[in-house]
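Since the structure comes first, as structure tokens, the remarks are kept for the end.
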Amino acid sequence: MERIYIKDLKNKIGEEVKIAGWVDVRRDHGKLIFIDLRDMSSKVQMVALPSHKEAHEAASKIRSEWVLEIIGQVNKRPEKMINKNEELGDVEVEIKELKVLNEAVTPVFEISNDGREVNEETRLVNRYLDLRRNRLQKNLRMRHEVIKFFRNYLSDKNFAEIETPLLTKSTPEGARDFVVPSRLYNGKFYALPQSPQQYKQLLMAAGMEKYFQIAKCLRDEDTRGDRQPEFTQLDLEMSFVEQKEVMNLIEEMLILMVKKLYPQKKIQQIPFPVLTHKEAMEKYNSDKPDLREDKNNPNLLAFCWLVDFPFFEKTDKGDWTFTHNPFSAPKPEHTKMLMKKENIGEILTTQYDIVLNGFEAGGGSIRNHKPEALEKVFEIMGFEKEKIRQDFGHMLKAFSSGTPPHGGIALGLDRLMMILQNEPNIREVIAFPKTGDARDPMMDSPSDISQEQMAELGIQIKKENKDK
């Protein structure tokens, strides 16, 4: 007999079936033993009767979170015993055979509730238990549905999903890189990508025209409560486009996704309002304003676009740096100022951010596709020509080979899912997140490596830094 999922029991009334899953709760009433069993699809109440002696004896010994295989008959519950709060509250399984597939020690916390009262460190140490919660299961399954929707939508628009490398080159792009020592080339290092930015532009140079990826991004940033050292983006790039075309594509995709997967939610304004950076700062004192008319309504989604960002801003040292990324193109009417390096503080970029309920949900821009324009950006930032060639020579070379105009965007999937699932932070929508101070308490990482590994890699740790 093949196992079926619990959610399908409602179509099997009167039949004998095989189901398997975890014991959610067990209630022993002496002659009658009730067990709530759950699998990935749903939960059902089962009953062990004295008339099935072996199954009844086995049922008397089981405990929460044991893994069981059950053969039983699906019965309709009597009218007065129906539980209207449960999806399968009108169904009951009469246990005929019970097989214990694995026992479980008593869980360190309650699993049948939503877990918000449990210390987060304890939850993360035992994340494989924490993820059994209905709330977190729903979060991860809805994350899958959203990603699947985006994949299908973009595939239908002739985008190709292309993976880009995780071992790349360290270049100054804003945040600190995570670096990986090379065993084969002692003293040299790979970097993990802060984003696929350079690779996706090189795919445009390669003539792919439409690319997307569900991309892991890694940044060695200072710790902050709702920041993760690794996070996920929906990353895409398109050739031969202008700003409005990219914005229209993303806007349509988000509207259709909400309509299909979150019909209970209302988008406040369609088309999404568009604000300049200057307007947003003057009116809301924020570059990610929360435009909801009713901030107490968790099902209200207030999307908006922000455009016309300053290209450059001053650092604490008084130098110029980019506000978004160095690969953005200036607005066409400001290209002359960039090329002449004049009125630098007044140059506006083609950047566009999408904001949702007071959070930046994504950002992108039309890119510089000519080598001389990209070179000017780095010159304004104070880079010597040799340094530009050393760090970005591959990009300049590619742009000299007939690269088309192109632009794209990256949506922060973790943050988007946090808002859609009405969660307070992104850790609730990530399967195995790090703590706010970038640790994984379940795997106990980061951790030491052996002296042999360090010797192979040609690295050593300074004694004074070891315990920091």
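Check segment 266-275 and report whether any residue there is within 29 Å of His369 (Cα to Cα), touching a residue at least 60 places away in the same chain (Cβ under 8 Å) and assigned to a strand (DSSP E or B).
Step one: list which residues in segment 266-275 are within 29 Å of His369 (Cα to Cα), which gives 272-275.
So of that shortlist, the ones also touching a residue at least 60 places away in the same chain (Cβ under 8 Å) come out as 272.
From what's left, assigned to a strand (DSSP E or B): none.
So far as segment 266-275 goes, no, none of its residues is within 29 Å of His369 (Cα to Cα), touching a residue at least 60 places away in the same chain (Cβ under 8 Å) and assigned to a strand (DSSP E or B).
Which of the residues spanning segment 314-337 are surrounded by 13 or more Cβ atoms within 10 Å (Cβ to Cβ) and closer than 17 Å to Pro405 by Cα?
Hits for segment 314-337 are Asn325, Pro326, Phe327, Ser328, Ala329, Pro330, Lys331, His334, Thr335.
In segment 168-191, what count of residues is obtained for those that are open to solvent by 90 Å² or more (accessible area, probe 1.4 Å) and within 12 Å of Leu218 (Cβ to Cβ)?
The qualifying residues number 1.
Under 6 Å between Cβ atoms, which residue pairs at least 6 apart in sequence (or on different chains) link something in segment 413-426 that is among the aromatic types (Phe, Trp, Tyr) with a partner that is open to solvent by 10 Å² or more (accessible area, probe 1.4 Å) and outside any helix (DSSP H, G or I)?
No pair meets every condition.
Scan (1) among the charged types (D, E, K, R); (2) crowded, with 21+ Cβ neighbours inside 10 Å; (3) free of Cβ contacts under 8 Å to residues at least 24 places away in the same chain for the single condition Lys200 breaks and write down its number.
(3)
Given the criterion under 27 Å from Arg135 (Cβ atoms) and either open to solvent by less than 30 Å² (accessible area, probe 1.4 Å) or not in a strand (DSSP E or B) (or both), identify the matching residue among Val25, Val17, Val44. Can you show your working first?
On the way: Val25 fails: either open to solvent by less than 30 Å² (accessible area, probe 1.4 Å) or not in a strand (DSSP E or B) (or both); Val17 fails: under 27 Å from Arg135 (Cβ atoms).
Val44 is the lone residue from the list that is under 27 Å from Arg135 (Cβ atoms) and either open to solvent by less than 30 Å² (accessible area, probe 1.4 Å) or not in a strand (DSSP E or B) (or both).
Any residue in segment 45-62 that is closer than 25 Å to Lys10 by Cβ sitting within a Cβ distance under 8 Å of a residue that is part of a helix (DSSP H, G or I) and open to solvent by 50 Å² or more (accessible area, probe 1.4 Å)? List the pairs, counting only those 6 or more apart or interchain.
Short answer, once both residue conditions are applied: none.
Given (1) at pLDDT 95 or above; (2) surrounded by 21 or more Cβ atoms within 10 Å (Cβ to Cβ), identify the lone condition not met by Gln194.
For Gln194, the failing item is (1).
Please list, ordered by first then second residue, the pairs with beta carbon atoms under 8 Å, 6 or more apart or interchain, first in segment 159-179 and over 18 Å from Thr323 (Cβ atoms), second open to solvent by 90 Å² or more (accessible area, probe 1.4 Å) and outside any loop (DSSP other than H, G, I, E, B).
Leu166/Lys216; Ser170/Phe189; Val179/Phe189
Among the listed residues Ile419, Ile449, which satisfies the condition of being assigned to a loop (DSSP other than H, G, I, E, B) and either loosely packed, with under 10 Cβ neighbours inside 10 Å or β-branched (Val, Ile, Thr) (or both)? Outline the logic, then answer.
Numbers: Ile419 fails: assigned to a loop (DSSP other than H, G, I, E, B).
Testing whether each residue is assigned to a loop (DSSP other than H, G, I, E, B) and either loosely packed, with under 10 Cβ neighbours inside 10 Å or β-branched (Val, Ile, Thr) (or both) leaves just Ile449.
Looking only at segment 180-197, count every residue that is farther than 20 Å from Asn325 by Cβ, assigned to a loop (DSSP other than H, G, I, E, B) and out of contact with any Lys or Arg (no Cβ under 8 Å at 6 or more places or on another chain) and tell me the total.
Here is the first cut: in segment 180-197, the residues farther than 20 Å from Asn325 by Cβ are 180-190.
Next cut, assigned to a loop (DSSP other than H, G, I, E, B) only: 182-188.
Pick out the ones that are also out of contact with any Lys or Arg (no Cβ under 8 Å at 6 or more places or on another chain) and you get 183-188.
So the answer is 6.
Looking at Lys80, Lys96, which one is out of contact with any Leu (no Cβ under 8 Å at 6 or more places or on another chain), modelled with pLDDT of 95 or more and among the charged types (D, E, K, R)? Before the answer, list the steps.
Details: Lys80 fails: modelled with pLDDT of 95 or more.
Unique residue meeting the criteria: Lys96.
Kindly indicate the residue of segment 28-41 that is in a loop (DSSP other than H, G, I, E, B) and without any contact (Cβ under 8 Å) to a residue 24 or more places away in the chain and also surrounded by the most Cβ atoms within 10 Å (Cβ to Cβ) among those meeting that condition.
Of the residues in segment 28-41, the ones in a loop (DSSP other than H, G, I, E, B) are 30-31, 39-41.
Within this subset, residues satisfying the condition of being without any contact (Cβ under 8 Å) to a residue 24 or more places away in the chain are 30-31.
Details: Gly30: 7, Lys31: 10.
Among those that are in a loop (DSSP other than H, G, I, E, B) and without any contact (Cβ under 8 Å) to a residue 24 or more places away in the chain, it is Lys31.
Can you find a residue that is assigned to a strand (DSSP E or B), in contact with a strand residue (DSSP E or B) (Cβ under 9 Å, 6 or more places away or on another chain) and either of a type in the set (Gly, Ala, Ser) or at pLDDT 95 or above (or both) anywhere in segment 57-67?
Residues of segment 57-67 assigned to a strand (DSSP E or B): 67.
Next cut, in contact with a strand residue (DSSP E or B) (Cβ under 9 Å, 6 or more places away or on another chain) only: 67.
With either of a type in the set (Gly, Ala, Ser) or at pLDDT 95 or above (or both) added as a condition, the list becomes 67.
Scanning segment 57-67, I find at least one residue that is assigned to a strand (DSSP E or B), in contact with a strand residue (DSSP E or B) (Cβ under 9 Å, 6 or more places away or on another chain) and either of a type in the set (Gly, Ala, Ser) or at pLDDT 95 or above (or both), so the answer is yes.
Check whether at least one residue in segment 120-143 is among the acidic types (Asp, Glu), over 30 Å from Lys188 (Cα atoms) and in a loop (DSSP other than H, G, I, E, B), and report yes or no.
Step one: of segment 120-143, the residues among the acidic types (Asp, Glu) are 120-121, 130.
Applying the additional criterion that residues be over 30 Å from Lys188 (Cα atoms) yields 120-121, 130.
Of the ones still in play, those that are also in a loop (DSSP other than H, G, I, E, B) are none.
Checked segment 120-143: no residue is among the acidic types (Asp, Glu), over 30 Å from Lys188 (Cα atoms) and in a loop (DSSP other than H, G, I, E, B).
May I ask you to list the residues in segment 68-101 that are over 20 Å from His52 (Cβ atoms) and either crowded, with 16+ Cβ neighbours inside 10 Å or within 32 Å of the chain's Cα centre (by Cα) (or both)? Spell out the reasoning first.
Just the residues of segment 68-101 that are over 20 Å from His52 (Cβ atoms), to begin with: 79-80, 82-90.
Once the filter is applied, which keeps residues that are over 20 Å from His52 (Cβ atoms) and either crowded, with 16+ Cβ neighbours inside 10 Å or within 32 Å of the chain's Cα centre (by Cα) (or both), segment 68-101 yields Asn85, Glu86, Glu87, Leu88, Asp90.
Could you check segment 292-317 and list, in sequence order, the residues that are over 22 Å from the mean Cα position of the chain (by Cα) and either polar (S, T, N, Q) or farther than 27 Å from Glu346 by Cα (or both)?
Arg292, Glu293, Asp294, Lys295, Asn296, Asn297, Thr315
Tell me which residues, restricted to segment 257-298, are loosely packed, with under 12 Cβ neighbours inside 10 Å and polar (S, T, N, Q).
The answer is Gln264, Asn285, Asn296.
Can you name every residue in segment 223-252 that is closer than 23 Å to Asn158 by Cβ, open to solvent by less than 20 Å² (accessible area, probe 1.4 Å) and part of a loop (DSSP other than H, G, I, E, B)?
The answer is Val241, and nothing else.
Take Ala398 and tell me if it is small (Gly, Ala, Ser), part of a helix (DSSP H, G or I), touching a helix residue (DSSP H, G or I) at 6+ places or on another chain (Cβ under 8 Å) and surrounded by fewer than 18 Cβ atoms within 10 Å (Cβ to Cβ). Break it down stepwise before answering.
Values: small (Gly, Ala, Ser): yes; part of a helix (DSSP H, G or I): yes; touching a helix residue (DSSP H, G or I) at 6+ places or on another chain (Cβ under 8 Å): yes; surrounded by fewer than 18 Cβ atoms within 10 Å (Cβ to Cβ): no.
Spelling it out, it is not the case that Ala398 is small (Gly, Ala, Ser), part of a helix (DSSP H, G or I), touching a helix residue (DSSP H, G or I) at 6+ places or on another chain (Cβ under 8 Å) and surrounded by fewer than 18 Cβ atoms within 10 Å (Cβ to Cβ).
For segment 338-350, which positions are open to solvent by 10 Å² or more (accessible area, probe 1.4 Å) and either touching a residue at least 60 places away in the same chain (Cβ under 8 Å) or touching a His at 6+ places or on another chain (Cβ under 7 Å) (or both)? Steps first, please.
To start, the set of residues in segment 338-350 that are open to solvent by 10 Å² or more (accessible area, probe 1.4 Å) comprises 339-346, 348, 350.
Answer for segment 338-350, where residues must be open to solvent by 10 Å² or more (accessible area, probe 1.4 Å) and either touching a residue at least 60 places away in the same chain (Cβ under 8 Å) or touching a His at 6+ places or on another chain (Cβ under 7 Å) (or both): Leu348, Thr350.
For residues that are more than 10 Å from Arg127 (Cβ to Cβ) and either of a type in the set (D, E, K, R) or modelled with pLDDT under 95 (or both), scanning just segment 428-441, find the one that is surrounded by the fewest Cβ atoms within 10 Å (Cβ to Cβ).
Only one residue tops the list, namely Asp437.
The values are calculated or read from the model by the stated rules, or taken from the named source; none is laboratory data. Because the structure is predicted, anything quoted here is derived from the model rather than measured. No Cβ is skipped: glycine too gets one built from the backbone with ideal geometry, and neighbour counts run over all protein chains shown. Please note that ligands, DNA and RNA were not included when accessible areas were found on the heavy atoms of the full protein model with its side chains. Shrake-Rupley method; radii C 1.70, N 1.55, O 1.52, S 1.80 Å.
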